[in-house]
């Protein structure tokens, strides 16, 4: 389990590197051996003081999932600790909580992590889309990923893009 958590943290760093372009792609880390296919970045929830971005992904060792990046300014930490969809608690791996910067009496924070999905769930969401809720000690946010986020990954895995 500790090795898997290390791999998930390394995967978060890979996805963070992909954030700049926002495009679907394939990334291999020569040091960790992680080999990941990901969708483009989607803004899945936006508010006045917060936003939630997400990528669908597949990594050979870890499997299928959704990487999320929650950013807020002036509202404090949510301390995300669970993910839910359609009445079902999902497997969640939190990776980081960072202060991005402070000024004018408030700070911008970022919480990142992974919702781990079974292959069956991932392929179903490629047809239906994926609505989910992230819950934390100090709040919650609902996100909705379009079906084509998952289809982008499936197409890349099949060599169709």
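The values are calculated or read from the model by the stated rules, or taken from the named source; none is laboratory data. Source: prediction; values computed, not measured. Here the Cβ positions follow ideal geometry from the backbone for every residue, glycine too, while neighbour counts run over all protein chains shown.
Pull out all pairs, ordered by first then second residue, where Cβ-Cβ is under 8 Å, the residues are six or more apart or on different chains, the first lies in region 40-58 and is over 15 Å from residue 126 (Cβ atoms), and the second is not in a strand (DSSP E or B). As it stands, the answer is 41/18; 41/19; 41/22; 49/74; 49/75; 50/75; 53/19; 53/41, since those pairs meet every condition given.
Would you mind telling me which numbered condition in (1) farther than 21 Å from residue 151 by Cα; (2) surrounded by 14 or more Cβ atoms within 10 Å (Cβ to Cβ) residue 46 fails? Single failed check for residue 46: (2). If the condition is being closer than 25 Å to residue 60 by Cα and more than 14 Å from the chain's Cα centre (by Cα), then region 137-147 contributes only 147. Restricted to region 58-78, and to residues that are crowded, with 22+ Cβ neighbours inside 10 Å and more than 20 Å from residue 159 (Cα to Cα), which residue is modelled with the lowest pLDDT? Top of the filtered list is 72. Only residues that are surrounded by fewer than 16 Cβ atoms within 10 Å (Cβ to Cβ), free of Cβ contacts under 8 Å to residues at least 60 places away in the same chain and within 17 Å of the chain's Cα centre (by Cα) were counted across region 87-98, and they come to 4. If only residues of region 33-86 that are within 14 Å of residue 142 (Cβ to Cβ) and part of a loop (DSSP other than H, G, I, E, B) are counted, the one that is nearest to the chain's Cα centre (by Cα) is 78. Give the number of residues within region 111-130 that are touching a strand residue (DSSP E or B) at 6+ places or on another chain (Cβ under 8 Å) and surrounded by 14 or more Cβ atoms within 10 Å (Cβ to Cβ). Qualifying residue count, region 111-130: 12.
Here is a yes/no grid of residues against (1) in contact (Cβ under 8 Å) with a residue 60 or more places away in the chain; (2) closer than 13 Å to residue 44 by Cβ; (3) under 12 Å from the mean Cα position of the chain (by Cα); (4) assigned to a strand (DSSP E or B):
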{"residue": "100", "(1), (2), (3), (4)": "no, no, no, yes"}
{"residue": "107", "(1), (2), (3), (4)": "no, no, no, yes"}
{"residue": "114", "(1), (2), (3), (4)": "yes, no, yes, yes"}
{"residue": "120", "(1), (2), (3), (4)": "no, no, no, no"}
{"residue": "131", "(1), (2), (3), (4)": "no, yes, no, yes"}
{"residue": "135", "(1), (2), (3), (4)": "no, no, no, yes"}
{"residue": "149", "(1), (2), (3), (4)": "yes, yes, yes, no"}
{"residue": "155", "(1), (2), (3), (4)": "no, no, no, no"}
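If you go through region 137-147 and keep only what is surrounded by 14 or more Cβ atoms within 10 Å (Cβ to Cβ) and assigned to a loop (DSSP other than H, G, I, E, B), you end up with just 146.
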